[in-house]
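Peer 1: A single structure is presented below for examination.
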Amino acid sequence: MKTAYELAMERLNKNAPAKKLTEAQKRELAEWDSRYAAKIAEREIALKDEIAKANAAGDFEKVETLQKQLTSERKKLQTELEEKKEQVRQTVQ
């Protein structure tokens, strides 16, 4: 007896079978992951330093603003990464 999840996955694969990625595409996806992980880490370090300074100064409004900015930038970079990765996946090789 199959679970509902297994049945759903079978239907999904019938409607839109998963594409097999080439080794070059896999390497390119890994490279994009690495680049964007570095970009995200860079922004986190910079903004967390500013957050710590604002926190030490007692400027809690600025702390909140910087935390929102950090969240926003993370989301923006993640979205960019997913767009780049989707372009790689759509590339016919």
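Peer 1: Of the residues Ala18, Ala24, Ala8, Ala46, which is closer than 28 Å to Thr79 by Cβ, in a helix (DSSP H, G or I) and modelled with pLDDT under 90?
Peer 2: Every option except Ala8 fails the conditions.
Peer 1: Right, something else. Checking Lys75 against (1) over 12 Å from the mean Cα position of the chain (by Cα); (2) at pLDDT 95 or above; (3) exposed (fewer than 11 other Cβ atoms within 10 Å of the Cβ): exactly one of these is not met. Which one?
Peer 2: (1)
Peer 1: Restricting to the range 78-88, count the residues that are loosely packed, with under 12 Cβ neighbours inside 10 Å and in contact (Cβ under 8 Å) with a residue 40 or more places away in the chain.
Peer 2: Number of matching residues: 0.
Peer 1: Among the residues of the range 5-51, count how many are surrounded by 14 or more Cβ atoms within 10 Å (Cβ to Cβ), among the hydrophobic types (A, V, I, L, M, F, W, C) and in contact (Cβ under 8 Å) with a residue 24 or more places away in the chain.
Peer 2: 5
Peer 1: Looking at this structure, is Lys2 assigned to a loop (DSSP other than H, G, I, E, B) and either without any contact (Cβ under 8 Å) to a residue 40 or more places away in the chain or of a type in the set (A, V, I, L, M) (or both)?
Peer 2: Spelling it out, Lys2 is indeed assigned to a loop (DSSP other than H, G, I, E, B) and either without any contact (Cβ under 8 Å) to a residue 40 or more places away in the chain or of a type in the set (A, V, I, L, M) (or both).
Peer 1: Looking at the range 30-66 only, could you name the residues that are of a type in the set (Asp, Glu) and more than 27 Å from Glu80 (Cα to Cα)?
Peer 2: Hits for the range 30-66 are Asp59, Glu61.
The values are calculated or read from the model by the stated rules, or taken from the named source; none is laboratory data. In this text, all values refer to a predicted model and were calculated from it rather than measured experimentally. Positions of Cβ are backbone-derived with ideal geometry, glycine not excepted, and every protein chain shown enters the neighbour counts.
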